[in-house]
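What follows draws every value from the coordinates through simple rules; no lab data is involved. Every value quoted in this text rests on a predicted model; they were computed, and no experiment measured them. Note that we place each Cβ from the backbone using ideal geometry, even for glycine, and neighbour counts take in every protein chain shown.
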Amino acid sequence: MKKFLALMEKTFAFLSMAGIGLMLIIIFLQVVSRYFFHYTASYSEELSRYLFVWVTFLSLPVVSRQGGHMVVGLLTERFTGERLRRLKIAGCLCSIAFLAVMVWQGIRMVQLAVWQTSPAMEIPMSYMYISIPLGCGGMLLLALEELFDLVRRRETA
């Protein structure tokens, strides 16, 4: 499981960086073509917006695995030992519940958007919405891993 999650993290990190690079190129070309040629491709703004959504959701598991999400330090600094472990378990359970709902509702959004097309590129909107269950699903797996590690830590202590 650890190898799979490490591979998922590397893949999502690569795709996020590639998405940011592609966004940068698209926006740069859009500005240059508008400024010098007084022409803007109709798809460029829409594509960069959809890439931004993909980068956002694919980055969630990467940042989560590296411990980069916000933490309420007021609580974590007050507790130590077993109390801190229990607080982290409660946080993991809340995250798992939230992420499970996000994956479930994300899948529903994908199913609803299959027949809806984007205005400029005329591609199914489900291509954009699939980033929600993918990113939240990856984060859900990482939250489950963290929960198992916290529970296992109690058994070995």
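Mind jotting down the distance between the C-alpha centroids of segment 1-69 and segment 91-157, whole Å?
If we compute the Cα centre of each part, the gap is 18 Å.
Which part of segment 33-66 falls in the paramagnetic zone of Arg152, meaning amide N under 20 Å from the point 7 Å along Cα-to-beta-carbon?
Within reach of a label on Arg152: 62, 64-66.
At a threshold of 8 angstrom on Cα-Cα distance, excluding pairs fewer than six apart, so keeping six or more, what relative contact order does the chain reach in percent? Don't skip to the answer; put the middle values down first.
Details: 144 pairs, mean separation 42.7, N = 157.
Value for the chain: 27 percent.
If you consider only alpha-carbon coordinates, what radius of gyration and Dmax does the chain have, in Å?
19.7, 68
Enter the angle in degrees (range 0 to 90, nearest 10) between the Cα long axis of helix 42-65 and the first principal axis of the Cα atoms of the chain, meaning the one along which they spread out most.
In the chain, helix 42-65 runs at an angle near 10 degrees to the longest axis.
What is the ratio of the Cα radius of gyration of segment 1-91 to 2.2 N^0.38 Å, with N the residue count, to two decimals? Don't skip to the end; give the middle numbers.
Working: Rg = 20.0 Å, N = 91, 2.2 N^0.38 = 12.2 Å.
Segment 1-91 yields a ratio of 1.63.
Which angle between 0 and 90 degrees, to the nearest 10, do you get for helix 131-156 versus the longest principal axis of the chain when only C-alpha atoms count?
10 degrees
Using +1 on the beta carbon of Lys and Arg, -1 on that of Asp and Glu, and nothing else charged, what's the dipole of the chain about the Cα centre, debye to 20? Could the numbers behind the result be given before it?
Numbers: 15 positive and 10 negative charges, 124 e Å.
Here the size comes out at about 600 debye.
By per-residue mean of other Cβ atoms within 10 Å, what is the highest-first order of 32-43, 120-131? Let's see the in-between values first.
Working: 32-43: 11.0, 120-131: 16.7.
Packing order, densest peptide first, comes out as 120-131, 32-43.
Summing -39500 (n - 2.57) over the DSSP H runs of n ≥ 4 in the chain and dividing by its residue number, what mean residue ellipticity at 222 nm do you reach, to the nearest 500 deg cm²/dmol? Display every interim value, and only then the final one.
Working: 6 runs with 128 residues, N = 157.
That comes out to -28500 deg cm²/dmol.
Can you tell me how much longer the chain between Val101 and Glu145 gets when fully stretched, taken as 0.36 nm per residue apart minus their C-alpha distance, in nm with one decimal? Could the numbers behind the result be given before it?
Values: separation 44, 0.36 × 44 = 15.84 nm, distance 1.79 nm.
Using 0.36 nm per residue and subtracting the Cα-Cα distance, I get 14.0 nm.
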